[in-house]
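Novice: Questions regarding the structure given below will be posed in turn.
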Amino acid sequence: MKLKYLGTAAAEAVPAPFCRCGVCERAREKGGRNVRTRSQALLDGRLLIDFPADTYLHALREGLRLYDISSCIITHCHSDHLYPGDLWCLISYAAHGKERPFNLYGTGAVLEMVKAQCEDLEQIIKEGGLCLHEIRPFEPFEAEGYRITALKADHGAPESVVYALEDPEGKAMLYAHDTGLLPGESLEYIKKSGIKFSLVSYDCTNGLLEHGERNHMGLNADIKLRDMLRELGAIGEGCVHVVNHFSHNGGGAGYDEMEPAARERDFLTSYDGLEVEF
């Protein structure tokens, strides 16, 4: 499996458009890995995770052909993870030559947001440009050859989930954004499933702040969640641990400050364009 981080920031991105804090000013000056767009990832070149307003930018920057990608799973209905307005581009006269529908998987709250904010949705669906699939926590489904299970998250948006994904060869990953420490129901499901993760991607919105285990996590909470998963027997041999989803409100830490702190604790620090094979 290969996970490519297309965007690695929280809602306001880094630098935030109207912010002059130290993190944002350093990002403007240094550029590179200190600049972060809104959160999105791509698994094995064929399964998108989330659909933010920066999707178009990601496609241009990474050379993606979005017409060749047919499936996307959505974590929750906050606008930095789901921007339904751009789904309008699936209408036939804006998508010449697209041969397959775009399959969007999400909870009821996600689908309601799409229905409320995507123009000409009925026509797009009628033309076969978009298929909406409602998913429920703890009920596995199949997409792009993966067995995918939504797990309940600890987050402010209605029906927020994180995802456990398994490929046919038995490799598995946990994509845990946006969430605090996972609820007991989700931990119990992981334990009973017997799944062993080869990669875990942890929310790190709180960065180097000492507090924060609810709604979002920081490095301290990520360490705690890693320990919890180990106690459940859910961490496979050689598992890769990645901290991701960063804000300028994370204790003054941009990439240059976060990377050594995370490395010291055996985490990789994500950046836009990072690709991890596991």
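Novice: Would you check which residues across segment 11-33 are of a type outside the set (Val, Ile, Thr) and buried (at least 21 other Cβ atoms within 10 Å of the Cβ) and list them?
Specialist: Ala13, Pro15, Cys24, Ala27, listed by residue number.
Novice: Does Gly251 satisfy being modelled with pLDDT under 95 and of a type outside the set (Phe, Trp, Tyr)?
Specialist: no
Novice: Inside segment 165-188, can you point out the residues that are closer than 22 Å to Gly218 by Cβ and among the hydrophobic types (A, V, I, L, M, F, W, C)?
Specialist: If the condition is that a residue be closer than 22 Å to Gly218 by Cβ and among the hydrophobic types (A, V, I, L, M, F, W, C), then Met173, Leu174, Ala176, Leu181, Leu182, Leu187 are the ones that fit.
Novice: Any idea which residue in segment 134-177 is nearest to Val114 (Cα to Cα), counting only those that are among the aromatic types (Phe, Trp, Tyr) and surrounded by 21 or more Cβ atoms within 10 Å (Cβ to Cβ)?
Specialist: So the residue we want is Tyr163.
Novice: Name the residues in segment 193-217 that are hydroxyl-bearing (Ser, Thr, Tyr) and within 21 Å of Thr37 (Cβ to Cβ), would you?
Specialist: Matches in segment 193-217: Ser201, Tyr202, Thr205.
Novice: Follow-up. Tally the residues that are over 19 Å from the mean Cα position of the chain (by Cα), surrounded by fewer than 18 Cβ atoms within 10 Å (Cβ to Cβ) and in a loop (DSSP other than H, G, I, E, B), restricting the search to segment 233-278.
Specialist: 4
Novice: Which residue out of Asp44, Asp50, Asp54 is surrounded by fewer than 16 Cβ atoms within 10 Å (Cβ to Cβ) and either closer than 29 Å to Leu87 by Cα or among the acidic types (Asp, Glu) (or both)?
Specialist: Checking each option against the conditions leaves just Asp44.
Novice: Being touching a helix residue (DSSP H, G or I) at 6+ places or on another chain (Cβ under 8 Å), surrounded by 14 or more Cβ atoms within 10 Å (Cβ to Cβ) and not in a helix (DSSP H, G or I) is the filter here, so list the residues in segment 109-133 that pass it.
Specialist: Passing the criteria: Cys118, Asp120, Gly129, Leu130, Cys131, Leu132.
Each row is one residue, and each column tells you yes or no for (1) farther than 17 Å from Ile73 by Cβ; (2) touching a helix residue (DSSP H, G or I) at 6+ places or on another chain (Cβ under 9 Å); (3) modelled with pLDDT of 95 or more.
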{"site": "Gly170", "(1), (2), (3)": "yes, no, no"}
{"site": "Leu174", "(1), (2), (3)": "no, yes, yes"}
{"site": "Ile190", "(1), (2), (3)": "yes, yes, yes"}
{"site": "Ser193", "(1), (2), (3)": "yes, no, yes"}
{"site": "Leu199", "(1), (2), (3)": "no, no, yes"}
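The values are calculated or read from the model by the stated rules, or taken from the named source; none is laboratory data. Just so it is clear, the structure is predicted and the values come from calculations on it, not from any experiment. Cβ sites come from the backbone with ideal geometry, for glycine too, and all protein chains shown count toward neighbours.
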